[in-house]
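The values are calculated or read from the model by the stated rules, or taken from the named source; none is laboratory data. Bear in mind that the values here come from a model prediction, so they are computed numbers and not experimental data. Note: ideal-geometry Cβ built from the backbone for every residue, glycine included; neighbour counts use all protein chains shown. Each accessible area value is taken on the protein alone, full model and side chains, heavy atoms only, with ligands, DNA and RNA left out. Shrake-Rupley method; radii C 1.70, N 1.55, O 1.52, S 1.80 Å.
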Amino acid sequence: MEHREFIDRICDDPIITAVKNDAGLEKSFKADSKAVFILYGEVATIPGIVRKIKAHDKIAMVHLDLINGLSSKTAAVDFIRKYTEADGIITTKVPLMQYARKLGLNTVLRYFVLDSIALENIRKQAQPGMVQPDIIEILPGVILPSVIKQIDEISRVPIMAGGLIRTKGEVLSALNGGAVAISTTNEEAWFL
């Protein structure tokens with residue numbers, strides 16, 4: 001899937017299902033979301049999880065940092081590319097994101113925005129000449145809209161909010177604040 005198509009599909013239905021177990025995975029298929037963020041599994045189960053998602057015509061994004069048996073080395077990206085049908089990866093590690101981009105995978109780079117140091121890291125990554133992710137995901141997603149706007153001014157990459165988002169008000173706050181989408185494991189929020 002082309003990078004532009006990936007971003008467009010995320011923006012078309014901005015509540016992204018993030019799953020942390022098989023029960024959540026099954027429920028995600030009933031949601032309107034065009035994407036599923038996989039936040040669980042192990043090397044042996046990821047190909048099957050991805051196949052199920054693709055069978056429902058949804059984007060499958062694997063969070064490399066959370067998969068048992070995958071290290072934080074480029075070999076993990078190679079594994080996802082070669083042995084699964086995943087559309088891309090989610091990671092907090094810039095080198096893995098950069099390598100995945102070189103392989104043609106879609107990428108979501110997660111930042112935990114806890115202080116001004118995190119904002120400075122986003123600023124450094126946004127410098128000209130740096131390989132950029134398709135989407136930046138900021139956590140916690142219930143962050144103030146003013147912070148989302150500040151990140152939007154720093155980076156030319158679309159911003160997504162994730163983590164701790166539970167209510168319609170929190171979803172709207174993130175989206176009205178400038179996020180193109182939100183991701184959540186809260187199954188009730190998937191059907192807002």
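Within the chain, the longest run free of GluC sites (Glu not before Pro) that sit in a DSSP loop with at most 14 other Cβ atoms within 10 Å is 86-187. Placing +1 on the Cβ of every Lys and Arg and -1 on the Cβ of every Asp and Glu, with nothing else charged, gives region 108-171 a dipole about its Cα centre of roughly 80 debye. Which of VAL113, ILE89, LEU70 sits farthest toward the positive end of the charge dipole of the chain, with +1 on the Cβ of Lys and Arg and -1 on the Cβ of Asp and Glu? Result: LEU70. Evaluating 6.51 cos²θ - 1.76 cosθ + 1.60 at θ = phi - 60° for every residue in region 183-188, the Karplus couplings come out as 10, 8, 8, 6, 5, 5 Hz, glycine and proline recorded as x.
Within the chain, what percent of beta bridges assigned by DSSP are antiparallel, to the nearest 5? Taking every DSSP beta bridge within the chain, about 0 percent pair in antiparallel fashion.
Computed from the alpha carbon atoms alone, the convex hull of region 85-166 holds 91 Å³ per residue. Remark on region 1-77: hydrodynamic radius 12.9 angstrom, per the Kirkwood mean of 1/r across alpha carbon pairs. By accessible area, using a 1.4 Å probe on protein heavy atoms only, region 3-121 has 51% of its surface on carbon and sulfur. Checking the Cα-Cα distances for LYS30/LYS73; LYS82/LYS124; LYS30/LYS93; LYS34/LYS82; LYS54/LYS102; LYS73/LYS168 against a 28 Å cut-off, the pairs over it are LYS30/LYS73; LYS82/LYS124; LYS30/LYS93; LYS73/LYS168.
Taking every protein chain into account, the accessible area of region 1-147 amounts to 46 square angstrom per residue (probe 1.4 Å). For the set MET1, MET61, solvent exposure ranked by accessible area (probe 1.4 Å, protein chains only) runs largest to smallest as MET1, MET61. Distance between the 7 Å Cα→Cβ label points at GLN127 and ASP65: 2.1 nm. Treating r as the C-beta distance of SER146 and LYS73 and R0 as 45 Å, the FRET efficiency rounds to 0.75. In the chain, the DSSP-assigned H stretches of four residues or longer account for a calculated mean residue ellipticity at 222 nm of -11000 deg cm²/dmol, using -39500 (n - 2.57) per stretch and the full residue count as denominator. The charge dipole of region 91-140, taken about its Cα centre with unit charges on the Cβ of Lys, Arg, Asp and Glu (plus for the first two, minus for the last two), comes to roughly 200 debye. Over region 1-145, the pair-distance histogram of Cα-Cα distances with 5 Å bins from zero comes to 2, 10, 20, 23, 21, 15, 7, 3, 0 percent, rounded to whole numbers. Among PRO47, PRO145, PRO128, whose mean-square fluctuation peaks in a Gaussian network model of the chain (Cα, cutoff 10 Å)? So, out of PRO47, PRO145, PRO128, the one fluctuating most is PRO128.
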